[in-house]
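Values quoted throughout were computed directly from the atomic coordinates according to the rules given, and no laboratory measurement underlies them. Everything numeric here is computed off the predicted structure, so don't read it as measured data. Backbone-built Cβ (ideal geometry, glycine too); neighbour counts: all protein chains shown.
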Amino acid sequence: MASGSGTRDDPWALKTPPGSSEYTMYLDEAADPPAIVCQVGGTQLRYQRRAIEDLHAMLKAHGDWMPLGGADEQKPAADGSVEAWGRSDSNPVGGWYGTKKGLRGRFGVYLPPLMEALGLAEVTHDARNNRMRAI
């Protein structure tokens, strides 16, 4: 589980699904559009705030485990994965949830642990090929 309350001053402290890397996230409701800010070392990624609810709804509709498939923006996402959905033209935002060009990927790496911390999903924590499903 994550510590923190999800604010800039008290971000959630999270670990990637395999537990190999730590990062923080917080909500920036004043951003346009509202954002989830992900700080990984010296790199900051941003995703649309609505990704939390949209991903939860998609997982509920999917009804089963879904592979995470995390990939950088420049690499293709595995078909049928959370990562592929997070950049698909058919998702509710019609494309990328990531908002910083060049750093829009890794949706399937950083969002699932947040969803788990918020009590919205279960995530596996194996060395590779992790999956998630809605609670």
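Quick notes on this structure:
- The relative contact order of region 13-135 comes to 27 percent, based on Cα pairs under 8 Å that sit 6 or more residues apart.
- Kirkwood-type radius of region 62-135, with distances r between different C-alpha atoms, in Å: 12.4
- Förster radius 41 Å - calculated FRET efficiency between R133 and K101 (Cβ-Cβ, nearest 0.05): 0.85
- For the chain, a crude dipole built from +1 on the beta carbon of Lys and Arg and -1 on the beta carbon of Asp and Glu, taken about the Cα centre, is about 240 debye to the nearest 20.
- Two-site label geometry, Q44 and S88: point separation in nm, points 7 Å out along Cα→Cβ: 3.1
- Between D10 and D79, full extension at 0.36 nm per residue minus the direct alpha carbon distance yields a gain of 21.3 nm.
- Longest segment of the chain lacking trypsin sites (Lys or Arg not before Pro) that sit in a DSSP loop with at most 12 other Cβ atoms within 10 Å: 9-100
- Here the calculated FRET efficiency for E22 and A57, from their Cβ-Cβ distance with R0 = 30 Å, stands at 0.60, rounded to the nearest 0.05.
- Cα point-scatterer Debye curve for region 45-92, base-10 log of I(q)/I(0) at q = 0.13, 0.18, 0.33 Å⁻¹: -0.28, -0.55, -1.39
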